[in-house]
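Asks: First, the structure itself, so that you have it in front of you.
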Amino acid sequence: MSGKPWLSIIGLDLSGWTGLSPAARAAITDADLIVGGARHLDMVPESAAERLQWKSPLSETVSLIEAARGQNVVVIATGDPLDYGIGVTLLRHFPASEVLIAPALGAFTLAAARMGWPRQGAECITLHGRPLERLSRCLFPGARILALSHDGETPAKVARMLAASGWGESHITELTDMGGETERRVADTAAGWTEQDVGALNTLAITCIAGPDARPLPRTPGLPDDAFLHDGKLTKRVVRASTLAKLAPFPGDLLWDIGAGSGAIAIEWLRAVEEAQAVAIEPIAARALRIEENARALGVPELQLLTDKAPACLEGLDAPDAVFVGGGLSEDGLLAAAWTALKPRGRIVANAVTLEGEQVLNAAHRTYGGALERISVEQAVPVGQFHGWRPSMTVTQWHAAKDGL
């Protein structure tokens, strides 16, 4: 569709109708259909337009918007619709050429201004409708975090989480109803937080201070082995860093972690870049439970977990951008199924420590190309009053990319 956009997404601040530009007001006045939450719809004048409140699931309303294509449709949002807002969702369904976005000042912009923080130096995340554990991957000494709250209980929950994980001296500022007549702020340390009477429309500004019990972990690949719960089925640190470097995570990419064990590869993939996706496939239930615990503890509760056996369970999954095979190499057809499913430009890595696994990787190398490497790691250990080198099992690694990239 070309020409004038038929779908307008208009951001409101707490000043409501009076704070809108003339163009935004005209779009609402001329609308055939206005979509929004009850609070938003109450903020704009009555007109001849049909009014539609968001339905659950959200896809129902998106379908109704699609059905109104060609009419003048206006969606009312809060602040900047592209800051984790409805604009992001709608642009997945409708081309940008068909959409006009008129943002108001968003919560991140307002919070940064209130705190005097350059926004480019702050981590901006949302806890609205998302697990609180996502905050964990943002924690490092001196970090500045701006977080959209889910509701009025979020500040206290965040404070308890920080205090329990060694970040109790971190400063929390809760900013409620920014830009409105009821705007207010409450500030305290996480450990000292007592405020419970918090408005639902609040944003948190957090300055991270590590206590003696805090354990800051970087997002670069190769976390310490003891950062993960495991039963010995763990891709060790040096090999894990090499594996992730070859898997090459990019924003939005999907990883299959087959024979996931502790989930370490999938977890570090998700930590490395924003908006990445991963499915951890692990047939042993006890290990699957550990994967869930590790994912929550390391700030990636969005990790998808499939407790099943490959390659049978791979059919029907979304095609991956990258595949790691850490277990199950002896399963007939596993590598072939993974390679077939892989998208163009996709990357695959498989590791083996047994002679039998090495034979499978040799065959894959002959069939699909790529490269074979052997990774040997030795650690210094006490030998009486001296020290000597103790080698770990050598890992054979095969990695390849479709189209020879």
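The values are calculated or read from the model by the stated rules, or taken from the named source; none is laboratory data. Remember, it's a predicted structure, so these values are computed and weren't measured experimentally. Cβ atoms come from the backbone with ideal geometry, glycine included; neighbour counts cover every protein chain shown. These area figures cover heavy atoms from the full protein model, side chains too; ligands, DNA and RNA do not enter into them. Shrake-Rupley method; radii C 1.70, N 1.55, O 1.52, S 1.80 Å.
Asks: Look through ALA248, ALA278, ALA285, ALA319 and report the one residue that is at positive phi and either hydrophobic (A, V, I, L, M, F, W, C) or in contact with a His (Cβ under 6 Å, 6 or more places away or on another chain) (or both).
Replies: Of ALA248, ALA278, ALA285, ALA319, the one residue that is at positive phi and either hydrophobic (A, V, I, L, M, F, W, C) or in contact with a His (Cβ under 6 Å, 6 or more places away or on another chain) (or both) is ALA248.
Asks: Does VAL360 meet the test of being aliphatic (A, V, I, L, M) and touching a His at 6+ places or on another chain (Cβ under 7 Å)? Talk me through it step by step, then tell me what you get.
Replies: Details: aliphatic (A, V, I, L, M): yes; touching a His at 6+ places or on another chain (Cβ under 7 Å): no.
It is false that VAL360 is aliphatic (A, V, I, L, M) and touching a His at 6+ places or on another chain (Cβ under 7 Å).
Asks: Just checking, does region 88-105 include any residue being surrounded by 19 or more Cβ atoms within 10 Å (Cβ to Cβ), within 24 Å of the chain's Cα centre (by Cα), aliphatic (A, V, I, L, M) and not in a strand (DSSP E or B)?
Replies: Within region 88-105, one or more residues are surrounded by 19 or more Cβ atoms within 10 Å (Cβ to Cβ), within 24 Å of the chain's Cα centre (by Cα), aliphatic (A, V, I, L, M) and not in a strand (DSSP E or B).
Asks: Give region 342-384 a look and list any residue that's at positive phi and small (Gly, Ala, Ser), or say none. Don't jump to the end; show me each part of the working.
Replies: Residues of region 342-384 at positive phi: 345, 369-370, 384.
Selection gives GLY369, GLY370, GLY384.
Asks: Here is a further query. Can you tell me which of GLU50, GLU66 is under 17 Å from LEU91 (Cα atoms) and either modelled with pLDDT of 95 or more or not aromatic (Phe, Trp, Tyr) (or both)? Step through it out loud before you land on a result.
Replies: On the way: GLU50 fails: under 17 Å from LEU91 (Cα atoms).
Residue meeting the stated conditions: GLU66.
Asks: Additional query: For the condition within 15 Å of SER242 (Cβ to Cβ) and of a type outside the set (A, V, I, L, M, F, W, C), what is the one hit in GLU373, GLU378, GLU358? Break it down into steps so the answer makes sense when it comes.
Replies: Working: GLU378 fails: within 15 Å of SER242 (Cβ to Cβ); GLU358 fails: within 15 Å of SER242 (Cβ to Cβ).
Exactly one of GLU373, GLU378, GLU358 is within 15 Å of SER242 (Cβ to Cβ) and of a type outside the set (A, V, I, L, M, F, W, C), namely GLU373.
Asks: Got a sec? Which of LEU229, LEU223 is more than 23 Å from LYS402 (Cβ to Cβ), open to solvent by less than 50 Å² (accessible area, probe 1.4 Å) and of a type outside the set (Ser, Thr, Tyr)? If you could, list the steps in order and put the result at the bottom.
Replies: Details: LEU229 fails: open to solvent by less than 50 Å² (accessible area, probe 1.4 Å).
Exactly one of LEU229, LEU223 is more than 23 Å from LYS402 (Cβ to Cβ), open to solvent by less than 50 Å² (accessible area, probe 1.4 Å) and of a type outside the set (Ser, Thr, Tyr), namely LEU223.
Asks: I've got another one for you. In region 354-372, is there at least one residue being part of a strand (DSSP E or B), crowded, with 17+ Cβ neighbours inside 10 Å and among the β-branched types (Val, Ile, Thr)? Explain how you work it out, then say what you get.
Replies: Within region 354-372, the first condition is being part of a strand (DSSP E or B), and the residues that meet it are 371-372.
Among the residues that remain, those that are also crowded, with 17+ Cβ neighbours inside 10 Å are: none.
No, region 354-372 contains no residue that is part of a strand (DSSP E or B), crowded, with 17+ Cβ neighbours inside 10 Å and among the β-branched types (Val, Ile, Thr).
Asks: What are the pairs, 6+ residues apart or on separate chains, where a residue within region 17-43 that is charged (D, E, K, R) has its Cβ under 9 Å from a residue that is open to solvent by less than 20 Å² (accessible area, probe 1.4 Å) and part of a helix (DSSP H, G or I)?
Replies: That search, which allows pairs on different chains as well, returns ASP42/GLY16.
Asks: Another question, if that's okay. Mind checking whether some residue in region 237-246 is open to solvent by less than 20 Å² (accessible area, probe 1.4 Å), in a loop (DSSP other than H, G, I, E, B) and either touching a helix residue (DSSP H, G or I) at 6+ places or on another chain (Cβ under 9 Å) or under 13 Å from ILE291 (Cα atoms) (or both)? Talk me through it step by step, then tell me what you get.
Replies: Keep residues of region 237-246 that are open to solvent by less than 20 Å² (accessible area, probe 1.4 Å), which gives 239-240, 243-244.
Applying the additional criterion that residues be in a loop (DSSP other than H, G, I, E, B) yields none.
Checked region 237-246: no residue is open to solvent by less than 20 Å² (accessible area, probe 1.4 Å), in a loop (DSSP other than H, G, I, E, B) and either touching a helix residue (DSSP H, G or I) at 6+ places or on another chain (Cβ under 9 Å) or under 13 Å from ILE291 (Cα atoms) (or both).
Asks: Can you find even one residue in region 133-146 that is touching a Lys or Arg at 6+ places or on another chain (Cβ under 9 Å) and open to solvent by less than 10 Å² (accessible area, probe 1.4 Å)?
Replies: Checked against the condition, which is being touching a Lys or Arg at 6+ places or on another chain (Cβ under 9 Å) and open to solvent by less than 10 Å² (accessible area, probe 1.4 Å), region 133-146 yields at least one hit.
Asks: Only one residue in THR173, THR154, THR203 is more than 30 Å from VAL238 (Cα to Cα), surrounded by fewer than 21 Cβ atoms within 10 Å (Cβ to Cβ) and among the hydroxyl-bearing types (Ser, Thr, Tyr). Which one?
Replies: On the way: THR154 fails: surrounded by fewer than 21 Cβ atoms within 10 Å (Cβ to Cβ); THR203 fails: surrounded by fewer than 21 Cβ atoms within 10 Å (Cβ to Cβ).
Step by step, each of THR173, THR154, THR203 is checked, and only THR173 is more than 30 Å from VAL238 (Cα to Cα), surrounded by fewer than 21 Cβ atoms within 10 Å (Cβ to Cβ) and among the hydroxyl-bearing types (Ser, Thr, Tyr).
Asks: Then there is this: Take the residues of region 127-178 that are more than 14 Å from THR207 (Cβ to Cβ) and basic (Lys, Arg): which is farthest from the chain's Cα centre (by Cα)?
Replies: We begin by selecting, within region 127-178, every residue more than 14 Å from THR207 (Cβ to Cβ); these are 127-134, 136-137, 148-157, 160-161, 163-166, 176-178.
Now restrict to residues that are basic (Lys, Arg): 130, 134, 137, 157, 160.
On the way: ARG130: 10, ARG134: 8, ARG137: 10, LYS157: 20, ARG160: 22 Å.
Filtering region 127-178 for residues that are more than 14 Å from THR207 (Cβ to Cβ) and basic (Lys, Arg), the one farthest from the chain's Cα centre (by Cα) comes out as ARG160.
Asks: Of the conditions (1) at pLDDT 95 or above; (2) farther than 18 Å from LEU247 by Cβ, SER392 satisfies every one except a single condition; which number is it?
Replies: Failed condition: (1).
Asks: Now, a different point. Looking at region 1-46 only, could you name the residues that are farther than 16 Å from GLY79 by Cα, open to solvent by 50 Å² or more (accessible area, probe 1.4 Å) and either in a loop (DSSP other than H, G, I, E, B) or aromatic (Phe, Trp, Tyr) (or both)?
Replies: Those that are farther than 16 Å from GLY79 by Cα, open to solvent by 50 Å² or more (accessible area, probe 1.4 Å) and either in a loop (DSSP other than H, G, I, E, B) or aromatic (Phe, Trp, Tyr) (or both): MET1, SER2, GLY3, LYS4, ASP30, ASP32, PRO45, GLU46.
Asks: Output the number of the condition that THR109 fails; it satisfies all remaining conditions of (1) closer than 30 Å to ALA27 by Cβ; (2) assigned to a loop (DSSP other than H, G, I, E, B); (3) modelled with pLDDT of 95 or more; (4) of a type outside the set (Gly, Ala, Ser).
Replies: (2)
Asks: For region 180-197, give me each residue that is open to solvent by less than 50 Å² (accessible area, probe 1.4 Å) and within 27 Å of LEU20 (Cα to Cα).
Replies: Residue satisfying the conditions is GLY180 alone.
Asks: Would you check which residues across region 373-405 are touching a residue at least 12 places away in the same chain (Cβ under 8 Å) and not in a strand (DSSP E or B) and list them?
Replies: Here is the first cut: in region 373-405, the ones touching a residue at least 12 places away in the same chain (Cβ under 8 Å) are 373-379, 390-405.
Passing the criteria: SER376, VAL377, SER392, MET393, THR394, LYS402, ASP403, GLY404, LEU405.
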